[in-house]
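Asks: The structure under discussion is supplied below as structure tokens; questions concerning it will follow.
Every number here is computed from the coordinates shown, using simple stated rules; none is lab data. A quick note: this is a predicted structure, and the numbers were derived from the prediction, not measured. Positions of Cβ are backbone-derived with ideal geometry, glycine not excepted, and every protein chain shown enters the neighbour counts.
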Amino acid sequence: MCGIVGYVGHRDCLPILIEGIKRLEYRGYDSAGVAVEDGTGLKVVKAAGKIRSLEAKLQTGAPVGTFGIAHTRWATHGEPNDLNAHPHTDEKCTVALVHNGIIENYKELKAELEALGYRFESETDTEVVAHLVARYLVEEPDLLGAVQRAVGRLTGAYSLGVISRHEPGRL
Ligand code: GLU
């Protein structure tokens with residue numbers, strides 16, 4: 001069972017996100033990651049293995065910002081490695097997303113998006129959602145509208161946490 005944590009507020013979010021996923025460690029996981037908007041864009045740091053491996057990566061250049069998401073993954077699609085760890089983003093890193101569960105129709109959605117020119121980095125079912133949200137952000141006025149459109153395309157049992165670099169304070 002994975003863990004999802006999100007923070008939006010006035011405090012430095014990274015320590016809060018890390019503490020949050022540590023509290024969810026008991027659920028079991030194989031990798032962990034964070035995405036924080038640091039004023040210049042979404043910064044994503046991920047590591048296979050324990051949260052201490054993620055913390056080791058964050059020793060230098062840790063992103064500082066007031067909104068972000070974090071995840072502990074229990075892999076269902078794609079091996080447990082850095083690339084498949086969450087958060088996942090679209091190509092332009094406009095949105096970052098964490099996901100618990102399974103997107104059953106991800107293969108069809110991936111084929112559709114690849115035909116439109118979207119490029120995938122991971123083997124996960126999750127990444128299709130990041131690209132779908134990005135695709136609909138072009139047509140929708142805001143993140144909520146794009147997420148609602150994307151979710152309308154998904155089959156499966158899942159929960160999501162999504163942020164956009166252009167919408168501070170929204171999760
Ligand atoms: N199906 C997703 C993956 O394999 C999410 C797994 C989870 O719930 O942690 O990455």
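Asks: Residue by residue through the stretch 22-45, note down the ones that are crowded, with 22+ Cβ neighbours inside 10 Å, aliphatic (A, V, I, L, M) and within 16 Å of the ligand (Cβ to nearest atom).
Replies: Of everything in the stretch 22-45, those that are crowded, with 22+ Cβ neighbours inside 10 Å, aliphatic (A, V, I, L, M) and within 16 Å of the ligand (Cβ to nearest atom) turn out to be Ala32, Val34, Ala35.
Asks: How about the stretch 50-146: which helices (runs of 4 or more DSSP H) wholly inside it have at least 2 residues that are without any contact (Cβ under 8 Å) to a residue 12 or more places away in the chain? Reasoning before the result, please.
Replies: Details: elements: 51-57, 106-115, 127-137.
Because the criterion is at least 2 residues that are without any contact (Cβ under 8 Å) to a residue 12 or more places away in the chain, the helices (runs of 4 or more DSSP H) in the stretch 50-146 that meet it are 51-57, 106-115.
Asks: Same structure, new question: So in the stretch 78-102, with the set limited to residues that are among the hydrophobic types (A, V, I, L, M, F, W, C) and out of contact with any helix residue (DSSP H, G or I) (no Cβ under 9 Å at 6 or more places or on another chain), which one is farthest from the ligand (Cβ to nearest atom)? Step through it out loud before you land on a result.
Replies: Step one: list which residues in the stretch 78-102 are among the hydrophobic types (A, V, I, L, M, F, W, C), which gives 83, 85, 93, 95-98, 102.
Checking which are out of contact with any helix residue (DSSP H, G or I) (no Cβ under 9 Å at 6 or more places or on another chain) leaves us with 83, 93, 98, 102.
Values: Leu83: 11, Cys93: 19, Val98: 9, Ile102: 5 Å.
Out of the qualifying residues, it is Cys93.
Asks: Would it be correct to say that Asn105 is over 14 Å from Ser164 (Cβ atoms), within 16 Å of the ligand (Cβ to nearest atom) and in contact with a Cys (Cβ under 8 Å, 6 or more places away or on another chain)? Write out each step before concluding.
Replies: Details: over 14 Å from Ser164 (Cβ atoms): yes; within 16 Å of the ligand (Cβ to nearest atom): yes; in contact with a Cys (Cβ under 8 Å, 6 or more places away or on another chain): no.
No.
Asks: Separate question: Would you pick out the residues in the stretch 115-134 that are more than 16 Å from the ligand (Cβ to nearest atom) and touching a Phe, Trp or Tyr at 6+ places or on another chain (Cβ under 7 Å)?
Replies: Here is the first cut: in the stretch 115-134, the residues more than 16 Å from the ligand (Cβ to nearest atom) are 115-119, 134.
Selection gives nothing.
Asks: Still on this structure, I have one more. Has the stretch 46-63 got any residue that is under 18 Å from Val147 (Cα atoms) and either near the ligand (Cβ under 10 Å from one of its atoms) or under 15 Å from the mean Cα position of the chain (by Cα) (or both)? Lay out the reasoning, then the answer.
Replies: First pass over the stretch 46-63, keeping only residues under 18 Å from Val147 (Cα atoms): none.
No, the stretch 46-63 has no match at all.
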